[in-house]
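Some notes on the structure that comes next.
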Amino acid sequence: MTHPRLTPTAALLLTLPPILWAGNAVIGRLIAPQVSPMTLNLLRWVIAFVLLLPLAAPVLRRGSALWAGWQRFAGLSLLSIGGYNALLYLALNTSTPINVTLVGSITPVWMLLIGWVFFGMRISGRQWLGATLSISGVLVVLSRGQLELLLQVHLVAGDLYILLASAAWAYYSWMLAHPTTEPPDIRRDWSAFLLAQIALGLVWSGLFAGAEWSWGLGRLQGGWPLAGALLFIAAGPAVLAYRCYDAGVARVGPSVAGFFVNLTPLFTAILSSAFLGEIPHLYHALAFILIVGGIAVSSMRR
């Protein structure tokens, strides 16, 4: 499969989601004591559903093309809305932030492997080089430029959640690049396409949240801070980020788009520094150069 060269527009579309997802991770950690992960995921997408309803309500009507191809959207929503996001919030509750971002940095590798195994993609040497550069940039951020900090990392059982989440996101990205089974009238309308995923994603999210509460693991402490946080992660990391990421994947393909995901730890470090009043360091600049270098190398034409 071939894709157009990475353009400034595509780069912008794929850079905005990591910024918003970094905000999602920071907010997710801050409100973890107030709301359990599966409940947080459900509430987030309920709000996103309400926000999108005025733009794309016809896609939910009886007779809509959505229901003829509901299996496709059920699969997309399980991998992204119901699966990836729930696993991410669960990981933020059960593992350290450095472990979550470290394991999550394998996303570009998942993109290449899943593309090779399931979608017939050929992996070139420059793509492996790009993956190496990108992951190196993440390691620089995580180690704060000090190798000994990485040597102190101990993986725990909870890190499996973010590993599974990364694999789910990679497969979801490849499914976006193969939209032949999706109704064209829904695929052309971004709001209808996203609302169709959310509608079925709410079923998965509801099942997972229900299981959480039935097992006595649910918690919810209301208040304006939580309400404001939910509105942000629904409007920004959910609706806007998904819109931009879907558009970016359509322009450059999942293998290149996957490298942009590794900007998330960098932006997370910067946002965390801002919240803590710390000044960004030189290693942040080095990490940015490595990650962007990986993106550039992977997207170069032969």
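The values are calculated or read from the model by the stated rules, or taken from the named source; none is laboratory data. Computed from a prediction, not measured in an experiment: that's the story for all the values here. FYI the Cβ positions are ideal-geometry reconstructions off the backbone, even for glycines, and counts take in every protein chain you see. Note: areas computed on protein heavy atoms with side chains; ligands, DNA, RNA excluded. Shrake-Rupley method; radii C 1.70, N 1.55, O 1.52, S 1.80 Å.
For the reader, a short list of remarks on this structure follows.
- Note on the range 211-231: among residues that are in contact with a Ser or Thr (Cβ under 9 Å, 6 or more places away or on another chain) and in a helix (DSSP H, G or I), the one that is least open to solvent (accessible area, probe 1.4 Å) is Glu212.
- Note on the range 88-131: among residues that are of a type in the set (Gly, Ala, Ser) and part of a helix (DSSP H, G or I), the one that is modelled with the highest pLDDT is Gly115.
- Figure legend. Inter-residue proximity from the range 56-82: first residues under 13 Å from Met175 (Cβ atoms), second residues of a type in the set (Ser, Thr, Tyr) and open to solvent by 30 Å² or more (accessible area, probe 1.4 Å), beta-carbon distance below 6 Å, spacing 6+ or different chains. Indicated pairs: Arg72/Thr181; Leu79/Tyr171.
- Pair list, Cβ < 7 Å and 6+ apart or interchain, from the range 209-237 residues that are over 14 Å from Leu40 (Cβ atoms) to residues that are of a type outside the set (D, E, K, R) and open to solvent by less than 40 Å² (accessible area, probe 1.4 Å): Gly236/Leu20; Gly236/Gly23
- Filter result (in a helix (DSSP H, G or I) and open to solvent by less than 40 Å² (accessible area, probe 1.4 Å)) within the range 16-37: Pro17, Pro18, Leu20, Trp21, Ala22, Gly23, Asn24, Ala25, Val26, Ile27, Gly28, Pro37
- Within the range 243-279, being part of a helix (DSSP H, G or I), open to solvent by less than 40 Å² (accessible area, probe 1.4 Å), at pLDDT 80 or above and of a type outside the set (Ser, Thr, Tyr) holds for Cys244, Asp246, Ala247, Gly248, Val249, Val252, Pro254, Val256, Ala257, Phe260, Leu263, Phe267.
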